[in-house]
Amino acid sequence: MIRSIHKIKNNFSINLKHYSTLSSGTRNNNNINNNSINNNNNINNNNNNNNNNNNNNNNNINNNINNNINNNNNNINNNNNTNNINNINKKSFNVIGIETSCDDTSIGIVNSEGKILAEYSKPQWLLHKAHNGIVPLIASEAHQNEIDNAIKKTLDKAGMTMNDIDVIAVTTGPGMAKSLEVGLNKAKELHREFKKPFCSVNHMEGHSLVVRMEDHSIEFPFLTVLVSGGHSQILICNGVSNYQLIGNTLDDSIGEALDKAARIIGCPYGQVWDGQRLIENIHGGQAIEILASKGDPNSYHFSLPLNGSKNCDFSFSGIKSSLSRLVKEIKLKSSITNTTTTAETTTTTTTTTKTNSSIIDKNELSFIDQCNLAASFQNIAFNHLEHRIKKSLDWYYNLKSPKEMKKELKLKVTGVKPPIKTIKREPLKGIVISGGVSKNKDLRKRLNYIGKQYKLPIYFPRPELCNDNGIMIAWAGVEMFKKGLTAEDPEKVIYLPVWPLDLNPKQIFDSNLKEKDKQIRNNWYTDIIKKYGNQE
């Protein structure tokens, strides 16, 4: 899960705002436009005709993009895949999953029936605590130091050796570049030694598909909602590695917003004081959930983001900024009140009360203020999420809002026929909610209600499978292998810090972005290709 990144000056670090934006997928929804992908294909298909007008640099970039998509999205040699499948003459086969996209070294082994055979995860809380955020270089070094031990321990837990493993699956994006590199290099090393089929897994697809490991009855297509520290996306999952992007964040992901909210109201990195004890090694979103359970969600008002927008995108930066201003106002009022009281009082009695703020800031909020702020912020963030999901479902099923129905009624009265935009789509088989934020109990309760409203079953992974884990990568490997989606040449597979699930997103709604901002987002993916595309 992508968390706040501590900025350091070295060749391997990634700027906080640049990286957090890259790895969430708004970032990814506008990262590749239709023209970018179509032009790449045109360049490859018409090399001898029209490419003379392109400069060499652009050709190299476009070719790199195609190579990355071919390698990382597993553009397959069918004969090779058929041989891979035939070589596994078992009713059930075993897959090892390697996940190092951020700050947890996680390995999982599952079989093709969905049974978890072993798992191991090594977090890095203590390494990053001193920096109040994840340091990419420290994270990658920790992965490098732990990866061999993690694989050995997982195999030992399962009572297996690599000879018992049939398929290797590894996260190759999106995520932190040097962390991804550690996992990918280890997977290649195992492939060279043991000659196993190789699946290059998109981290977000791991989150999306893991519910099918626990419930084989879940069929395609379904609406998938990815809510984590790095991603806020709504997609239609039509099948394995087949997605249509519906909505994405224009700025922060919901997990990132919750993490930053925890810091704004005074929670130290990885900690929260719940009124009785200090709870450690938790993400900011969990800290907000704990405090929110003790607060009043109606204490403070926040405006609903993008309430009048025509699309299904998210925006969390506005409510985060509102929270920051609100906290400053509360602290200022508290400071003025304390100063006045001190001046008017001749005898002062001091009472010490521990709060989250007191751990890091003398100008502290009261514990009840923290709880009420957390509850109010969580409430508006989840209201926004609900609003966007409902809008997506209304779009999918051609359901009209009261405002749209009123507009059509006026047109009918005047004798004008309203435009027909009805598109029949295959009924959804359910709604899948995944990612670290999906553990939140209040969110689960709210989204279960949406499922009932739209008469759709709603699926959540069990809480321990919501955070980044090797199990979900191994299961994605199972699904991909069954479809023949293995890398033709694993040595050519590269890692992609930015890797959208929908490689060719269509403009299905009016965008809230200015043309300048659209171009910036379109460049994010190609910038990554320039930097990492030639590394094989």
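Below is a table of values for the structure above.
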item: In the stretch 505-531, residue farthest from V240 (Cα to Cα) [restricted to those that are surrounded by fewer than 21 Cβ atoms within 10 Å (Cβ to Cβ) and touching a strand residue (DSSP E or B) at 6+ places or on another chain (Cβ under 9 Å)]; result: F509
item: Condition broken by N238, with the remaining ones in (1) under 25 Å from D103 (Cα atoms); (2) among the polar types (S, T, N, Q); (3) part of a strand (DSSP E or B) satisfied; result: (1)
item: Selection status of I236, farther than 30 Å from N149 by Cβ, among the aliphatic types (A, V, I, L, M) and either surrounded by 20 or more Cβ atoms within 10 Å (Cβ to Cβ) or over 19 Å from the mean Cα position of the chain (by Cα) (or both); result: yes
item: Search result, residues across the stretch 204-222 that are among the β-branched types (V, I, T) and either within 14 Å of the chain's Cα centre (by Cα) or in a helix (DSSP H, G or I) (or both); result: V210, V211
item: G484 being open to solvent by less than 60 Å² (accessible area, probe 1.4 Å) and closer than 27 Å to G285 by Cβ; result: no
item: Whichever residue in the stretch 284-308 is touching a strand residue (DSSP E or B) at 6+ places or on another chain (Cβ under 8 Å) and assigned to a loop (DSSP other than H, G, I, E, B) and, among such residues, is most open to solvent (accessible area, probe 1.4 Å); result: L306
item: Criterion (charged (D, E, K, R), at pLDDT 95 or above and open to solvent by less than 10 Å² (accessible area, probe 1.4 Å)) met by exactly one of E193, E181, E205, E189; result: E205
item: Test: G266 is assigned to a loop (DSSP other than H, G, I, E, B), open to solvent by less than 40 Å² (accessible area, probe 1.4 Å) and at positive phi; result: yes
item: Matching entry among L278, L223 (being open to solvent by less than 20 Å² (accessible area, probe 1.4 Å) and either free of Cβ contacts under 8 Å to residues at least 60 places away in the same chain or among the aliphatic types (A, V, I, L, M) (or both)); result: L223
item: Matching residues in the stretch 463-480 - criterion: being open to solvent by 10 Å² or more (accessible area, probe 1.4 Å), under 22 Å from L443 (Cβ atoms) and touching a helix residue (DSSP H, G or I) at 6+ places or on another chain (Cβ under 7 Å); result: P463, N467
item: Sole residue being within 30 Å of R192 (Cβ to Cβ) and touching a residue at least 24 places away in the same chain (Cβ under 8 Å), chosen from L447, L485, L428; result: L485
item: Scan of the stretch 474-500 for residues that are closer than 27 Å to R521 by Cβ and assigned to a helix (DSSP H, G or I), ordered by number; result: A476
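The values are calculated or read from the model by the stated rules, or taken from the named source; none is laboratory data. These figures come from a predicted structure and were not determined experimentally. Counting neighbours? That spans all protein chains shown, and the Cβs are built from the backbone with ideal geometry, glycine included. Keep in mind that these areas ignore ligands, DNA and RNA; they rest on the heavy atoms of the full protein, side chains included. Shrake-Rupley method; radii C 1.70, N 1.55, O 1.52, S 1.80 Å.
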